[in-house]
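A quick write-up on the structure given underneath.
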Amino acid sequence: ELETRLDIHTKDEIGDLAAAINNLASDLQRFRDTRQEFFAHISHELRTPITYLEGYAKVLKNRLYETEEEKEHYLDIIYQEGVRIQHLVDDLFELAKMEEGQISLSMERVDLKDVIKQAVRMVSLKAKEKGIELIVHPVASVPLIRGDRMRMEQIVLNLLENAVRYTEDGRIEIHLRSTPDSLLFSIEDTGIGIPEDELPYIFDRFYRVEKSRSRKTGGTGLGLSIVKKLVELQGGTIQVSSKREIGTRFTVTFTLPTMQEEKDEKS
Ligand code: ADP
């Protein structure tokens, strides 16, 4: 009887081991696929603007334009595509550093109210040009959080830039509030919105709701994945809700340090 029990035991273990190896193999395969997909994506993303650069440079070189205006227009495109490549390379580098766990945060006490004020200042001109009303709902004062100020600015600015990018002639509202154990802010726009079935994917690298719509608006499809990583690195969470043609709201929540943590930090 002991023998059969042992037998079963061994069989079980071998079975488990086999299952584990299988899992590992499929994990590896998935990893290889996503790596390959990732590089395929990068080269695709780079190829498009480079094709424009080449094409329009050739037009200029061969003087295939009729008016000075036309020439200016082609030069503009070349410039814009250059800027696009620059953004893409910057974003990719940023994302790569984060994925390798190589970004160092310099944690300090951050006043989110200040951060929001700063970011609003940066986008206000663009918002005005597009006829967008920017409303920051005033709050008396909020507790400070622990975070990296520059990275916090990057998060808020990125979300605000998106709100401006995907809104015409509408309104953007920013709320900041605290609960006993958390601090949260939301950025809500009355823009084109995101279809509900695409919401789960918008934080994925390179995911864009409509490729052409994004090309026109100058996005790289990397912004939100960077934002999400930065939020999580600082212990926060990000949520989105949206309705097509109605608007979009992003909410970012950070937990506040407990009394004990505050004490530990001071001592
Ligand atoms: P992109 O650089 O293309 O803007 P993001 O990663 O920042 O890339 O956003 C991913 C996609 O989510 C965008 O292509 C856009 O379609 C959608 N999106 C992001 N923010 C908004 C918003 N405020 N309103 C509508 N769509 C948005």
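The values are calculated or read from the model by the stated rules, or taken from the named source; none is laboratory data. As the structure is a computational prediction, the values presented were derived from the model and not from experiment. Cβ placement follows ideal geometry from the backbone for every residue including glycine, while neighbour counts extend to all protein chains displayed. Surface accessibility is based on the protein's heavy atoms, side chains included, excluding ligands, DNA and RNA. Shrake-Rupley method; radii C 1.70, N 1.55, O 1.52, S 1.80 Å.
Extension gain, residue 64 to residue 51, is 3.0 nm, computed as 0.36 nm per intervening residue step minus the present C-alpha separation. Note on the chain: dipole from Cβ charges, positive end direction compared against 52, 24, 150; the farthest Cα belongs to 52.
Summarising the label geometry, the points placed 7 Å from Cα in the beta-carbon direction at residue 244 and residue 104 lie 4.8 nm from one another. For the chain, the 222 nm mean residue ellipticity estimated from helices alone, with every DSSP H stretch of n ≥ 4 adding -39500 (n - 2.57) and the total spread over all residues, rounds to -20000 deg cm²/dmol. Any idea which of 34, 194, 237 is furthest toward the positive side of the dipole for the chain, if Lys and Arg beta-carbons carry +1 and Asp and Glu beta-carbons -1? Result: 194. Taking the Cα centre of region 41-183 as reference, the dipole from Cβ charges on Lys and Arg (+1) and Asp and Glu (-1) amounts to some 380 debye. Per residue, the accessible area of the chain comes to 64 Å² when a 1.4 Å probe rolls over the protein heavy atoms.
Each Lys and Arg contributes +1 and each Asp and Glu -1, all at the Cβ; summed about the Cα centre of region 40-90, the dipole is approximately 280 debye. Within the chain, what whole-number % of the accessible surface is contributed by carbon and sulfur, with the 1.4 Å probe and all protein chains included in the calculation? Roughly 53 percent, rounded to a whole number.
When the charge dipole of the chain is built from unit charges on Cβ atoms (+1 for Lys and Arg, -1 for Asp and Glu) and taken about the Cα centre, the candidate among 64, 87, 139 whose Cα reaches farthest toward its positive end is 64. In the elastic network of the chain, a GNM with C-alpha springs shorter than 10 Å, the most mobile of 26, 225, 43 is 26. Here the chain is treated with +1 on each Lys and Arg Cβ and -1 on each Asp and Glu Cβ, and its dipole about the Cα centre works out to around 840 debye. Please state the shape class of region 89-189: rounded when a/c is under 1.5, otherwise prolate if a/b exceeds b/c and oblate if not, all from the C-alpha gyration tensor. Oblate. Region 144-168 and region 100-136 have Cα centres lying 4 Å from one another.
Normalising the average separation of contacting C-alpha pairs (under 8 angstrom, six or more residues apart) by the number of residues puts the relative contact order of the chain at 15 percent. Using the average count of surrounding beta-carbon atoms within 10 Å as a protection proxy, the listed peptides 150-158, 97-105, 188-196, 15-23 rank, highest first, as 150-158, 188-196, 97-105, 15-23.
Going by the alpha-carbon gyration tensor, a ≥ b ≥ c the square roots of its eigenvalues, is the chain rounded (a/c under 1.5) or, if a/c is not under 1.5, prolate (a/b greater than b/c) versus oblate? Cα axes put the chain in the oblate bin.
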